[in-house]
Amino acid sequence: MSRPTVHDVAKAARVSLATVDRVLNKRGGVSAKSIRKVEEAVEFTGYVRDSTAANLSRRRIYRFVFLLPDTASAFVAALREAIARQQDHLREERIILEVRTSKPFDAARQAEALAEIDAGNADGVAVMASESPEVAEQVDRLCAAGVRVITLVADLPRSGRSVFVGVDNVMAGRTAAGIMGRFIGARPGRVLMLAGSLGARDHMERMMGFRAVMHARFPALELTAVVEGLDDADRVEKAVRAARAEGPLVGLYATGAGQRGLIQALDADADAGPSADSGAGPDADLPVTAVHELTEASRQGLRRGLIDLVIDQNPPREIERAITILKDLSDNRPLAPGAGDINLNIFVRENV
């Protein structure tokens with residue numbers, strides 16, 4: 001049998017095609033009685049709406065805005081590259097992707113950038129921003145205007161956003177601590193904790209998970225106070241050098257960007273060091289180092305033995321999932337449980 005059509009629904013409900021169209025597309029101007037008749041006819045006939053075909057017939061255009069930090073970090077660059085690749089083949093589906101930027105770790109500027117988004121010219125917005133009342137207020141403004149808002153990488157649970165797309169950051173921190181503790185073994189000593197920003201929820205959650213496992217399972221290790229690198233390579237390099245000057249480190253956990261600076265601090269000859277294929281390892285007194293995101297810098301760090309563990313959240317997959325969710329929300333489709341969950345990828349030297 002062929003699939004039920006809107007004609008079948010109209011016939012079963014004993015209403016016009018125009019009424020069926022209004023009900024299916026939630027346009028209004030239909031009595032409660034007619035809405036009930038159409039809904040019952042849909043259930044009776046088993047009609048499944050093809051939103052893609054419907055949107056093409058109405059020549060609907062989806063407009064999705066991504067608000068990302070204005071930073072040179074390789075991770076954000078990977079997000080932007082993934083958006084550009086998606087845009088190349090989504091034009092045929094009449095989906096327009098726009099990238100806007102704001103100052104990283106600056107809630108006031110991020111709120112201003114959100115305020116500049118015209119709710120009348122956006123179907124959905126994906127936000128990567130710091131958690132703050134002013135940012136949440138602008139998210140709520142967009143939601144109240146009918147714009148579907150999701151959070152990306154870092155969540156804003158106190159806002160009206162629909163769903164968070166990203167990894168479980170507490171679990172990511174716990175994973176880093178568990179593996180690092182095993183790598184360090186029985187050696188006592190200090191572990192440097194280096195965050196991008198304590199104002200970023202994802203970084204705070206990673207540190208929370210990291211601390212919990214370290215305190216519970218590796219109490220002989222001394223955790224330093226968290227140092228903020230603000231995703232700046234020079235600042236990260238200075239912070240690592242300063243910590244090593246105070247005494248030996250057995251571990252180093254970095255939740256943010258600036259990995260080139262970290263590598264420079266761990267190896268003064270990083271630029272002229274052994275090649276990736278030489279098999280030469282790092283000095284024995286280097287700390288066991290865990291970072292986030294597989295970038296060119298962290299990849300080379302793994303190959304050279306300067307970094308031991310990379311926890312990655314797969315930016316292309318994250319962007320693909322965000323777009324799918326925004327489209328489903330725009331079409332009023334229910335989301336499956338865990339729709340925004342992104343699995344962690346674990347990289348060490350042997351599988352990079």
Considering the chain as a Gaussian network with a 10 Å cut-off on Cα pairs, which listed residue, PRO316, PRO334, PRO287, attains the greatest mean-square fluctuation? PRO334
Can you give me the distance in nm between label points at ARG3 and LYS33, each placed 7 Å from the Cα along the Cα-to-Cβ direction? 3.3 nm
Helix 169-184 against the longest principal axis of the chain: what's the angle in degrees, Cα atoms only, rounded to the nearest 10? 30 degrees
What's the lysine pair count for the chain at a Cα cut-off below 17 Å, pairs eight or more apart or interchain? 4
In whole Å, what three semi-axes, largest first, describe the equivalent ellipsoid of the stretch 92-197 built from its Cα gyration tensor (square root of 5 times each eigenvalue)? 35, 15, 12
Over its Cα atoms, what ratio of radius of gyration to 2.2 N^0.38 Å does the stretch 107-146 give? 1.04
Give me the net charge for the shell around ILE35: Cβ to Cβ below 10 angstrom, other residues only, Lys and Arg +1, Asp and Glu -1. +3
In square angstrom, what is the accessible area per residue of the chain with a 1.4 angstrom probe? 48 Å²
Three semi-axes of the equivalent ellipsoid, the chain, Cα gyration tensor, whole Å, largest first: 48, 20, 18
Using 0.36 nm times the number of residues separating PHE44 and VAL348, minus their current alpha carbon distance, what extension gain do you get? 104.0 nm
Heavy atoms only, 1.4 Å probe, whole protein assembly: order HIS7, HIS292 by accessible area, highest first. HIS7, HIS292
Candidates per GluC sites (Glu not before Pro) in the stretch 303-352, loop by DSSP, up to 13 other Cβ within 10 Å: GLU350
Using a 1.4 angstrom probe on heavy atoms only, work out the carbon and sulfur share of the accessible area of the chain in %. 49 percent
Where only C-alpha atoms are counted, convex hull volume of the stretch 1-43 per residue in Å³: 62 Å³
Which angle between 0 and 90 degrees, to the nearest 10, do you get for helix 315-330 versus the longest principal axis of the chain when only C-alpha atoms count? 20 degrees
Given the whole protein assembly as supplied and a 1.4 Å probe, what does the accessible area of LEU335 come to in Å², nearest 10? 60 Å²
Could you sort the peptides 234-244, 112-122, 172-182 by per-residue average Cβ neighbour count (10 Å cutoff), highest mean leading? 172-182, 234-244, 112-122
For the chain, the charge dipole (Cβ of Lys, Arg +1; Cβ of Asp, Glu -1; about the Cα centre) points to a positive end, and the Cα of PRO248, ALA322, GLY258 closest to that extreme belongs to ALA322
On the full set of protein chains, 1.4 Å probe, figure out the accessible area of SER162 and give it in Å² to the nearest 10. 50 Å²
Considering only DSSP beta bridges with both partners in the chain, what is the antiparallel share in %, to the nearest 5? 10 percent
Quick calc of log₁₀ I(q)/I(0), the stretch 144-262, Debye, one scatterer on every Cα, no solvent, q values 0.19 1/Å, result -1.00
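The values are calculated or read from the model by the stated rules, or taken from the named source; none is laboratory data. Keep in mind that this is a model prediction, so the values were computed, not measured. Please note: Cβ atoms are built from the backbone with ideal geometry, for glycine as well, and neighbour counts cover all protein chains shown. Heads up: the accessible areas ignore ligands, DNA and RNA and are worked out on the full protein's heavy atoms, side chains in. Shrake-Rupley method; radii C 1.70, N 1.55, O 1.52, S 1.80 Å.
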